[in-house]
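A.B. asks: Structure below; questions to follow.
The values are calculated or read from the model by the stated rules, or taken from the named source; none is laboratory data. Bear in mind that the values here come from a model prediction, so they are computed numbers and not experimental data. Positions of Cβ are generated from backbone atoms using ideal geometry, with glycine treated the same way; all protein chains shown enter the neighbour counts.
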Amino acid sequence: MDFAYDARTEELRQRLLAFMDDHVYPSETVADEQRARLASPWDTPAVVDELKAEARRRGLWNLFLPDAEYGAGLTNLQYAPLAEITGRSPQLAPTALNCAAPDTGNMEVLAQFGDERQKKQWLEPLLAGEIRSAFAMTEPEVASSDATNITTRIEREGDEYVITGRKWYISGAMNPDCRIFIVMGKTDPDGADIRRQQSMVLVPRDTPGVTVKRAMRVFGYGDHYHGGHAEVTFDGARVPVSGLIGEEGGGFAIAQARLGPGRIHHCMRLIGMAERAIELMCRRAVSRTAFGKALAQQGVVHNWIADARVTVEQLRLLVLKTAWLMDTVGNKGAHTEIQAIKIATPRAVVDIIDRAIQLHGAGGVSQDLPLAELYAGARTLMIADGPDEVHQRSLARRELKRYA
């Protein structure tokens, strides 16, 4: 693995860093002020659309998608440093670049598994930023970190599928521009292979029987810029059989293919969040005096900053190694590393942000700084895309198998 960024990555990094300095950071307070005046908290502040237009003008659009026909054609290793930069402003930057979850994963699914009609109807407007989408997998009644537990039914009746079930924490579903759900449910609940019981279908949001019941908060935050999280019910919702993605029974495999790149994106954005926390920590330390001397002269503060720097450097190398393996040997060959970054990165970044909050005192938990919201986002990723314990169990089993 070459530790240097290639020429294309470095050129995009410089463009993206300039975009962040010139437009994204100054827009953070503007977006909050505009949102406070909107008729609905789920409407998009005007400055977000301005950022999108500027990102497209600068050639910083759809960088996440490795498919050169539809996206930028970057490898995981090339995109990873760019995702890190966007993580410094996770509420605005990913959305501005059309690189925000859950749309990224949904576009990857459609690009890889969708048929030509599905790509024309849904992928193309998503790529253009004209609509948003949601991914409906998690359920409140079961431990849906194991997708084989999902109880939502997708039953075929003639040329239609009838969908019945209850989902929650469905990212993107509150956004008024959300037009399409990718819904995971069981088409063969009694099948012998529990990993072939599930399928994924496309369900337009305005389908009769689909009800977005309420917004779900995360540590009190609505996550408005990503379209929020919702509880959604499907009460006999009917869609054409042509809405099936891939084949019946292929839902579990598609979900695994979707989550691999997503974990790289999440972990690199987390590193960007940690970098911003370190920056704020250092600025605070040199500017604040307590008990007769600057915080920067306090030994415990030295320890916090040094430990944070060491941790970030370690995490970045592990995530970049994982991205490189995914590019060279595929997701299956990088399985151990994908699980390792999913375990290590959120918990370490939570600790770094927590130290930054502590250093800022009351201001650290206020709305005047991004730290509280960064903490909420990082802590949530210890659950999202599979709880840490699920990945620890799987990784440990793989290690032990070598000695059995």
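A.B. asks: Of these, Gly165, Gly185, Gly105, which one is part of a helix (DSSP H, G or I), among the small types (Gly, Ala, Ser) and either more than 23 Å from Phe219 (Cβ to Cβ) or in contact with a helix residue (DSSP H, G or I) (Cβ under 9 Å, 6 or more places away or on another chain) (or both)?
C.D. replies: Every option except Gly105 fails the conditions.
A.B. asks: Any idea which residue in the range 37-55 is modelled with the lowest pLDDT, counting only those that are charged (D, E, K, R) and more than 21 Å from the chain's Cα centre (by Cα)?
C.D. replies: The extreme case among them is Arg37.
A.B. asks: Being touching a Cys at 6+ places or on another chain (Cβ under 6 Å) and of a type outside the set (D, E, K, R) narrows it down to one residue among Thr380, Thr328, Thr336, Thr345; which is it?
C.D. replies: None of the others qualify; the one that does is Thr345.
A.B. asks: Next question, about the same structure. So which of Leu63, Leu38 is part of a loop (DSSP other than H, G, I, E, B), surrounded by fewer than 19 Cβ atoms within 10 Å (Cβ to Cβ) and of a type outside the set (Gly, Ala, Ser)?
C.D. replies: Among Leu63, Leu38, only Leu38 is part of a loop (DSSP other than H, G, I, E, B), surrounded by fewer than 19 Cβ atoms within 10 Å (Cβ to Cβ) and of a type outside the set (Gly, Ala, Ser).
Per-residue answers, yes or no, for (1) in the same structural domain as Tyr221 (by TED's automatic domain parsing); (2) modelled with pLDDT of 95 or more; (3) of a type in the set (A, V, I, L, M):
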{"residue": "Thr345", "(1), (2), (3)": "no, yes, no"}
{"residue": "Ala348", "(1), (2), (3)": "no, yes, yes"}
{"residue": "Arg355", "(1), (2), (3)": "no, yes, no"}
{"residue": "Val365", "(1), (2), (3)": "no, yes, yes"}
{"residue": "Tyr375", "(1), (2), (3)": "no, yes, no"}
{"residue": "Arg379", "(1), (2), (3)": "no, yes, no"}
{"residue": "Gly386", "(1), (2), (3)": "no, no, no"}
{"residue": "Glu389", "(1), (2), (3)": "no, no, no"}
{"residue": "Gln392", "(1), (2), (3)": "no, yes, no"}
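A.B. asks: Look at the range 367-404 and say how many of its residues are assigned to a helix (DSSP H, G or I), aliphatic (A, V, I, L, M) and within 13 Å of the chain's Cα centre (by Cα).
C.D. replies: Residues in the range 367-404 being assigned to a helix (DSSP H, G or I), aliphatic (A, V, I, L, M) and within 13 Å of the chain's Cα centre (by Cα): 1 in total.
A.B. asks: Identify the residue in the range 301-324 that is among the charged types (D, E, K, R) and closer than 26 Å to Thr75 by Cβ and, among all such residues, is surrounded by the most Cβ atoms within 10 Å (Cβ to Cβ).
C.D. replies: Arg316
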